[in-house]
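Trainee: Below is the structure I would like to discuss, written out as structure tokens.
The values are calculated or read from the model by the stated rules, or taken from the named source; none is laboratory data. This structure is a prediction, so every number in the text was calculated from the model and none was measured. Cβ atoms come from the backbone with ideal geometry, glycine included; neighbour counts cover every protein chain shown. What goes into the accessible areas is simple: the full protein's heavy atoms, side chains included, and nothing from ligands, DNA or RNA. Shrake-Rupley method; radii C 1.70, N 1.55, O 1.52, S 1.80 Å.
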Amino acid sequence: MSVKEVKLLSDGYFNIDMGLLVYGKTKYYGKVYKAALKPLLIVCNDEYILVDTGIGILPERVRKFYTLDKSKDLATSLRESGFSVDDISVVISTHLHLDHVGNNALFKNAKFFAQREEIEYSKKPHRFQKQAYLKEYLDRVDYKPISGKKEIVEGVWTIPTPGHTPGHQSILVKGKETYVYCGDVCPLKENYEMRNIVGVLHNPVNALESIDKLKKLGGHPVFSHDNEQMKLKV
Ligand SMILES: [Zn+2]
């Protein structure tokens, strides 16, 4: 078996309106949620894989728009797990929004993967998604494009799950246990359990189909920003 260990790391927290995490629920409007930033470490026989890299250190021009708690950062979180940034050989991005690619530049020895559609979209997003893609973060690394479902390393698959963004993907990990890293298809448990789509959308119909696709896969779902699920239950 290639996958030896799967672990949630932390890059701290950022405050976000709950209306952006769950679509169309007026009771959530104006309610601030302390969203966790949760890259996933997958230790395989020959590769050390990271799924998403958190929010990083925001450039000055956008910093004022975010309230962050960086009492923990990704490099420290990795170190506490017994690894260094240089160990990471593969980074898979669920999508290229700034809160998922912020620490990319730390991983000098890694190959980077994202869906081709997402890479293209990040260069020319619609105006309603523009502020989520940061040129400063994306110009630093060279992404290898993937098209559709692909096994990146034995036991680690990318599953296209558009809706939040056009080229969003989720990650299926099969080791002793099966995990599905949902990404922003399901930032919270509620999105998964209640089939409530995320509030930031490119296409709501695709977003709902993507939730159903993930539920069909089975396994333990991992939510990208849920601050109650900070460890993987086995
Ligand atoms: Zn996100």
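Trainee: Of the numbered conditions (1) touching a residue at least 12 places away in the same chain (Cβ under 8 Å); (2) farther than 28 Å from residue 208 by Cβ; (3) polar (S, T, N, Q), residue 53 satisfies every one except a single condition; which is it?
Mentor: Of the numbered conditions (1) touching a residue at least 12 places away in the same chain (Cβ under 8 Å); (2) farther than 28 Å from residue 208 by Cβ; (3) polar (S, T, N, Q), the odd one out for residue 53 is (2).
Rundown of residues vs (1) basic (Lys, Arg); (2) more than 16 Å from the ligand (Cβ to nearest atom), yes/no style:
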{"position": "126", "(1), (2)": "no, yes"}
{"position": "147", "(1), (2)": "no, yes"}
{"position": "155", "(1), (2)": "no, yes"}
{"position": "174", "(1), (2)": "yes, yes"}
{"position": "185", "(1), (2)": "no, no"}
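Residue-wise test of (1) in a strand (DSSP E or B); (2) of a type in the set (Val, Ile, Thr); (3) open to solvent by less than 40 Å² (accessible area, probe 1.4 Å).
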position	(1), (2), (3)
41	yes, no, yes
58	no, no, yes
72	no, no, no
79	no, no, no
99	no, no, yes
117	no, no, no
148	no, no, yes
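Trainee: Right, here's the next one. Out of segment 194-222, which residues are within 16 Å of the ligand (Cβ to nearest atom) and assigned to a helix (DSSP H, G or I)?
Mentor: Across segment 194-222, the qualifying residues are 207, 210, 211, 214.
Trainee: Of everything in segment 81-97 that's open to solvent by 10 Å² or more (accessible area, probe 1.4 Å) and free of Cβ contacts under 8 Å to residues at least 60 places away in the same chain, which residue is nearest to the ligand (Cβ to nearest atom)?
Mentor: Taking the candidates together, the pick is 85.
Trainee: Among the candidates 191, 227, single out the residue that is among the polar types (S, T, N, Q) and surrounded by fewer than 19 Cβ atoms within 10 Å (Cβ to Cβ). Steps first, please.
Mentor: Details: 191 fails: surrounded by fewer than 19 Cβ atoms within 10 Å (Cβ to Cβ).
227 is the lone residue from the list that is among the polar types (S, T, N, Q) and surrounded by fewer than 19 Cβ atoms within 10 Å (Cβ to Cβ).
Trainee: Would you please list the contacts, defined by Cβ atoms under 8 Å and residues six or more apart or on different chains, that run from a residue in segment 202-224 that is surrounded by fewer than 17 Cβ atoms within 10 Å (Cβ to Cβ) to a residue that is part of a helix (DSSP H, G or I)?
Mentor: What qualifies is 215/192.
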